[in-house]
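One structure is given below, encoded as structure tokens.
Quick note: the coordinates plus some simple rules give every number you see, no bench work behind them. Small disclaimer: the values here were computed from a predicted structure and weren't measured.
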Amino acid sequence: MKNNNLNNVLKKSSVIFLLIIIISLVILSNTNYSVVLALPQGATITFNETENASTRPADTHIAAGGSFTSLVLNVTSQTSKWKAYVGNVTGRYVLQNSNNNTIYDWTLSSVQGEVYVSRNDSVEFSTLACANEGNITAEDTALNINSSSDDSINQTFIQKTHKTFVIGGTGTISNSSCYAIATYIDDEAQTIDENANFQEILLSDNTNMVYVTLLEDEQSGFDGGNYDFQIIVPDDPGVASTPYYFYAELG
């Protein structure tokens, strides 16, 4: 008799335990949990200095009257379709709420990540992907650049060679999947491979072109100075200047 009572108690306990598990699962399945993704953030410009190329002196040639001279003139002409930005990145890692109140932060000992530059201040980072040929042609058109010009966007970004990198809120951009370049070091072109420094990659959110450069940590740049980033962006040659917005992602 006692054994029967014990068995009944155990059965009831098992049923109650199963009901608790089922109820808990139902509650959890109806609870909304939001995942906070670390998207690239707008960057604050704390210093800027703009310069232009110096005027080169003209060569001269003297020939006697009645002579005939054949010349080959070599001219280096500053393009009006592009402008460059180089510099360094400062910042910190933080843990903040939606009001940007900080509960803790960390000082950066070195930098890694990306700098994003766009003509638009409302980039949809969650939809960023490699820019396609249609995106590139549309950007040339928007900036009044002939796509067949030697210094057009279309003729500048002709290769797909770059490192793998990760965009917060979007995911991984696989190596050598997007149109990319590598800007110069010590006044010389780099060998184009996935290990090149100062790589620049073309991305699009289906509306806006985004130029992204991978951060280096104070590496020798185009003029021998140490920089964290170098990037070139196109300009409309028919207007005084085209404004760009800067975003950065650390880590």
Next item on the list: For residue 83, list long-range residues whose amide hydrogen, built 1.01 Å from N in the peptide plane, is under 5 Å from its own amide hydrogen.
Entry: 233, 235
Next item on the list: Hey, could you grab the Kirkwood Rh for the range 161-248? Inverse mean 1/r over distinct alpha carbon pairs, Å, one decimal.
Entry: 14.2 Å
